[in-house]
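Student: Before I ask anything, let me first share the structure, which is written out below as structure tokens.
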Amino acid sequence: QDYATFGVSFSPQFKWFLFGNSKFSPFLLYTAGLSYANDVFPQGGTNFTFRLLYGLGLEYKLSTTQRVRVSASQLHQSNNNLLSPNPGYDGYGLALSYIWKWK
């Protein structure tokens, strides 16, 4: 069954580069925040939920202004048993990013 909703969230992101700022830079990623959707999410849940995302990745410097990043992450979203019902959503993702910094 198809299901779609629209929401907004506030989720600050924290990234730790394990070995500093080198040509190849592995990193850990952590995001925690709040979300509100115009319909219940996940289906059968509530409009207000908490978001938790964590992952790991690798960043490669092409130049001082360009980088390529690949990361894998896991997302969990639920209302943390504050309201009933509390079905959760778990998603997994893989991202490939190109970063270009303007001087």
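Student: Looking only at residues that are open to solvent by 60 Å² or more (accessible area, probe 1.4 Å), without any contact (Cβ under 8 Å) to a residue 24 or more places away in the chain and over 19 Å from VAL8 (Cα atoms) in region 65-93, which one is nearest to the chain's Cα centre (by Cα)?
Tutor: TYR92
Student: In region 34-51, which residue that is open to solvent by 60 Å² or more (accessible area, probe 1.4 Å) and of a type outside the set (Lys, Arg) is modelled with the lowest pLDDT? Explain how you work it out, then say what you get.
Tutor: First pass over region 34-51, keeping only residues open to solvent by 60 Å² or more (accessible area, probe 1.4 Å): 34, 36, 38-39, 43, 48, 50-51.
Now restrict to residues that are of a type outside the set (Lys, Arg): 34, 36, 38-39, 43, 48, 50.
Values: LEU34: 95, TYR36: 94, ASN38: 91, ASP39: 89, GLN43: 83, PHE48: 91, PHE50: 94.
Top of the filtered list is GLN43.
Student: Now for a separate question. Do we find a residue being of a type outside the set (S, T, N, Q) and free of Cβ contacts under 8 Å to residues at least 12 places away in the same chain anywhere in region 55-63? Even if it seems obvious, please write down each step before you answer.
Tutor: Our first condition is that a residue be of a type outside the set (S, T, N, Q); within region 55-63, this holds for 55-62.
Keeping just the survivors that are free of Cβ contacts under 8 Å to residues at least 12 places away in the same chain gives 62.
The answer is yes; a qualifying residue exists.
Student: Specify the residue that is farthest from ASN80 (Cα to Cα); the eligible residues are those in region 1-21 that are surrounded by 12 or more Cβ atoms within 10 Å (Cβ to Cβ) and in contact (Cβ under 8 Å) with a residue 24 or more places away in the chain. Outline the logic, then answer.
Tutor: Going residue by residue through region 1-21, those that are surrounded by 12 or more Cβ atoms within 10 Å (Cβ to Cβ) are 5, 7, 9, 11, 15, 17.
Adding the requirement that they be in contact (Cβ under 8 Å) with a residue 24 or more places away in the chain leaves 5, 7, 9, 11, 17.
Details: THR5: 20, GLY7: 18, SER9: 16, SER11: 16, PHE17: 29 Å.
Among residues in region 1-21 that are surrounded by 12 or more Cβ atoms within 10 Å (Cβ to Cβ) and in contact (Cβ under 8 Å) with a residue 24 or more places away in the chain, the one farthest from ASN80 (Cα to Cα) is PHE17.
Student: Residue under question is THR31, and the condition is that it be over 17 Å from the mean Cα position of the chain (by Cα) and either loosely packed, with under 10 Cβ neighbours inside 10 Å or among the hydroxyl-bearing types (Ser, Thr, Tyr) (or both); does it hold? Give the steps one after another, and end with the answer.
Tutor: On the way: over 17 Å from the mean Cα position of the chain (by Cα): no; either loosely packed, with under 10 Cβ neighbours inside 10 Å or among the hydroxyl-bearing types (Ser, Thr, Tyr) (or both): yes.
In short, no.
The values are calculated or read from the model by the stated rules, or taken from the named source; none is laboratory data. If you're wondering where the values come from, they're calculated on a predicted model, not measured in any experiment. Glycine also receives a Cβ, built like all others from the backbone with ideal geometry; neighbour counts cover every protein chain displayed. Side chains are part of the model used for accessible areas, which takes the heavy atoms of the whole protein and leaves out ligands, DNA and RNA. Shrake-Rupley method; radii C 1.70, N 1.55, O 1.52, S 1.80 Å.
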